[in-house]
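Enquirer: Dumping the structure here so I can ask a few things about it.
The values are calculated or read from the model by the stated rules, or taken from the named source; none is laboratory data. These figures come from a predicted structure and were not determined experimentally. All Cβ positions, even for glycine, are placed from backbone atoms using ideal geometry, and neighbour counts span all protein chains on display. Just so you know, the surface numbers come from the protein's heavy atoms only, side chains and all, with ligands and any DNA or RNA stripped out. Shrake-Rupley method; radii C 1.70, N 1.55, O 1.52, S 1.80 Å.
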Amino acid sequence: MSTQTNGNNKPLLEAKDIYAGYTDFDILQGVSLEVYPGEIVCVIGPNGAGKSTVFKTIYGFLKIRKGTVIFDGQEITNKRPQQILRAGISNVPQLRSIFPQMTVKENLEMGMYIEKDKKRIAERIEYVLGLFPRLAERRAQMAGTMSGGEQRMLEIGRALMLEPKLILMDEPSAGLAPLITRMIFENVERLNKEIGLTVLMIEQNARQGLEASHRGYVLELGQNSYQGTGQELINNAEVRRAFLGG
Amino acid sequence: MDQFLQALINGILLGGFYAAMVLGFSIIWGVMGVINLSHGEFIMMGAFMAWLFSEPPDYLMEQLKFEALNPIFTYLISIGYQGMDPFLSLIIIMPVMFCFGYLLQKFLINRVVEKPHLVSLLVTFGLSITFANISKLFFSASPRSVDVAYTGAIRMGDVTMSNIKAIVFVGALIMLSALYLFLHRTRLGKSIRAAAQNKNAARMVGIEIDTVYAITFGLCVALTGAAGMMISPTQAVFPYMGPPFTLRAFTITALGGLGSIPGALVGGLVLGITETMIATFVPRIGTNLAIVASFSILVFILITRPQGLLSGLRPMEMEEGT
Ligand SMILES: Nc1ncnc2c1ncn2[C@@H]1O[C@H](COP(=O)(O)OP(=O)(O)OP(=O)(O)O)[C@@H](O)[C@H]1O
Ligand SMILES: [Mg+2]
């Protein structure tokens, strides 16, 4: 994947020196990252490094004790999820987040809960279903009865409902078969090319994640340890040893 | 055969009321995981309000020895108010109960929803005792009766159907369908279902959980108050009338599934018919045995099918959502 040159661009998302935690202890101890418009950025790191925690703080689920988050020129530190959504960030969390006893269509509708314009919601549903034909075939199916991959797609589709500028995806491939994983990554890259969607994702599947991305960050023990383009990280001897299986 | 048919009809009518009566309990449990032990007291409040609104003010003034209220009664007497039809009083009972429930959730229950079940169980148990005793201070323990103008019965061959019970049955069906449509067709209703099915995802799409919970609780208390009004013409109204309803609510919810509206109807009918059959065909002790039956059904279901017979807003589960 080619490297994006963003010399004169301003970052779309800029997290600076973030400290946050669930108890008194700070899980994140000075995490910083930047995402430029149009990029796919991948965060990798060992289990428990705090990757998901970074997303939770950006999204307003967890209080940031120190540091700032700036999105699209606007400070969004410790804003509520509703305000983050309005600013233009959507989220696909690590744990399943569909509404199991709602249909595919209703789930998509919930993605636009903060808007009331029914006509616009209906248009967006059709648009998103157009992106994912597999969901379109199942629009009246209860979301909880779909396969894991289809549910993931629904989550991504729902996150696209509000036409976000940035989408956060926490391990989009978790628990999915290699074929489905590839399909999810292909979808992500396609959305990035076709609609210019900026993506910040966490991947357990480090090699595949980095290959699909422009740049990557390595997070360890609540701090950044390496960053670089996808290829740089894949070629970095230490990153290889630690995360890519030699 | 006629006796059987009569019992069946009475059972169905009672079951319809039970279905409406259980909605508030079942939805609160299904949506926020709170087992509301003060459910029966909300029925009691609705019933007392029906009594208050239906009696003429001079009678109330004599019965309730509250000097502070006398000016209101005097005023009502002066304008010639003679009490209103209890069913009409629903237009006051439901909004008042909604506000009561909303505030209760906002200032009290929202503080304990995230805590282990035992905490909310104890809080609502405390509320139940508090409500019953405040009512006793206010209304005294004397049983009251609520009268309507249209007593009597519809006769069909050898079986009869009491007018009031038939009206209550129709009212119950209206409540069930209206609630179903509300939950499935409106934005607010969908946000309630979303919060029930996946709280974190609901937060993530921008639903303000605390507000949704407060509205849900208000709505459920309003429905329960309406059920209290509906039962008031057919049974004694007194401060301690609540607990048997809470117990039945448990049984029906176990039968029908958490927060399930079709489940409430099925569970209500099963219980209503069972109770009426026992009361009709078991000599002498039948009436008392009926409530024992309710508890036995509950225990039996919890042992054999803890997820309920039908699925509801979410599967019946006791563990905490994260
Ligand atoms: N809700 C929570 N309450 C308390 N501690 C938590 C909570 N969630 C995560 N943690 C702790 O925070 C640390 C970082 O967790 P996090 O989920 O961010 O890791 P991660 O990098 O996403 O790991 P994984 O690759 O396994 O998803 C871990 O030590 C975890 O135990
Ligand atoms: Mg994680």
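Enquirer: Given the options A:61, A:71, name the one that is open to solvent by less than 80 Å² (accessible area, probe 1.4 Å) and more than 16 Å from ligand 2 (Cβ to nearest atom).
Expert: A:71
Enquirer: Same structure, new question: Applying the selection to the stretch B:141-165, what residues are open to solvent by 20 Å² or more (accessible area, probe 1.4 Å) and in a helix (DSSP H, G or I)?
Expert: Result: B:163, B:165.
Enquirer: For the list (1) closer than 18 Å to residue B:16 by Cβ; (2) within 14 Å of another protein chain (Cβ to nearest Cβ), I need the number of the one condition that residue B:156 fails.
Expert: Single failed check for residue B:156: (2).
Enquirer: Kindly establish whether residue B:179 is in a helix (DSSP H, G or I) and either within 14 Å of chain A (Cβ to nearest Cβ) or open to solvent by 30 Å² or more (accessible area, probe 1.4 Å) (or both).
Expert: Taking the combined requirement at face value, the residue does not satisfy it.
Enquirer: Please indicate, with yes or no, whether at least one residue in the stretch A:128-136 is open to solvent by less than 10 Å² (accessible area, probe 1.4 Å), within 16 Å of ligand 2 (Cβ to nearest atom), in contact with an Asp or Glu (Cβ under 8 Å, 6 or more places away or on another chain) and farther than 22 Å from residue B:206 by Cα.
Expert: no
So that you can scan it fast, the table gives a plain yes or no per residue for (1) within 16 Å of ligand 1 (Cβ to nearest atom); (2) modelled with pLDDT of 90 or more:
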{"residue": "A:167", "(1), (2)": "no, yes"}
{"residue": "A:178", "(1), (2)": "no, no"}
{"residue": "A:182", "(1), (2)": "no, no"}
{"residue": "A:188", "(1), (2)": "no, no"}
{"residue": "A:200", "(1), (2)": "yes, yes"}
{"residue": "A:215", "(1), (2)": "no, yes"}
{"residue": "A:224", "(1), (2)": "yes, no"}
{"residue": "A:228", "(1), (2)": "no, no"}
{"residue": "A:246", "(1), (2)": "no, no"}
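Enquirer: Do any helices (runs of 4 or more DSSP H) lying entirely in the stretch A:8-116 carry at least 2 residues that are more than 14 Å from chain B (Cβ to nearest Cβ), in contact (Cβ under 8 Å) with a residue 12 or more places away in the chain and closer than 23 Å to residue A:174 by Cβ, and which ones are they?
Expert: Of the helices (runs of 4 or more DSSP H) lying wholly inside the stretch A:8-116, those with at least 2 residues that are more than 14 Å from chain B (Cβ to nearest Cβ), in contact (Cβ under 8 Å) with a residue 12 or more places away in the chain and closer than 23 Å to residue A:174 by Cβ span A:51-58.
Enquirer: Still on this model: Would you confirm, using the coordinates I've provided, whether residue A:242 is modelled with pLDDT under 90, of a type outside the set (Lys, Arg) and surrounded by fewer than 20 Cβ atoms within 10 Å (Cβ to Cβ)?
Expert: The answer is yes for residue A:242.
Enquirer: Please state which one of A:205, A:187 is open to solvent by 10 Å² or more (accessible area, probe 1.4 Å), more than 16 Å from ligand 2 (Cβ to nearest atom) and away from chain B (no Cβ under 14 Å).
Expert: Numbers: A:205 fails: more than 16 Å from ligand 2 (Cβ to nearest atom).
After applying the criteria, what remains is A:187.
Residues checked against (1) more than 14 Å from ligand 1 (Cβ to nearest atom); (2) modelled with pLDDT of 90 or more:
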| residue | (1), (2) |
| --- | --- |
| A:3 | yes, no |
| A:11 | yes, yes |
| A:18 | no, yes |
| A:54 | no, yes |
| A:58 | no, yes |
| A:74 | yes, yes |
| A:82 | yes, yes |
| A:89 | yes, yes |
| A:93 | no, yes |
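Enquirer: What pairs can you find where one residue is in the stretch B:292-312 and over 11 Å from residue B:247 (Cβ atoms), the other is at pLDDT below 80, and their Cβ atoms are less than 7 Å apart, with a gap of 6+ or different chains?
Expert: Cβ pairs passing all conditions: B:306/B:316; B:307/B:315; B:307/B:316; B:308/B:316.
Enquirer: Out of all the residues in the stretch A:74-97, which are away from ligand 2 (no atom under 16 Å from the Cβ) and not hydrophobic (A, V, I, L, M, F, W, C)?
Expert: Hits for the stretch A:74-97 are A:74, A:75, A:77, A:78, A:79, A:80, A:81, A:82, A:83, A:86, A:88, A:90.
Enquirer: Also: Among the candidates B:93, B:129, which residue alone is open to solvent by 30 Å² or more (accessible area, probe 1.4 Å), part of a helix (DSSP H, G or I) and modelled with pLDDT of 90 or more? It would help to see each step written out before you state the result.
Expert: On the way: B:93 fails: open to solvent by 30 Å² or more (accessible area, probe 1.4 Å).
Answer to the check: B:129.
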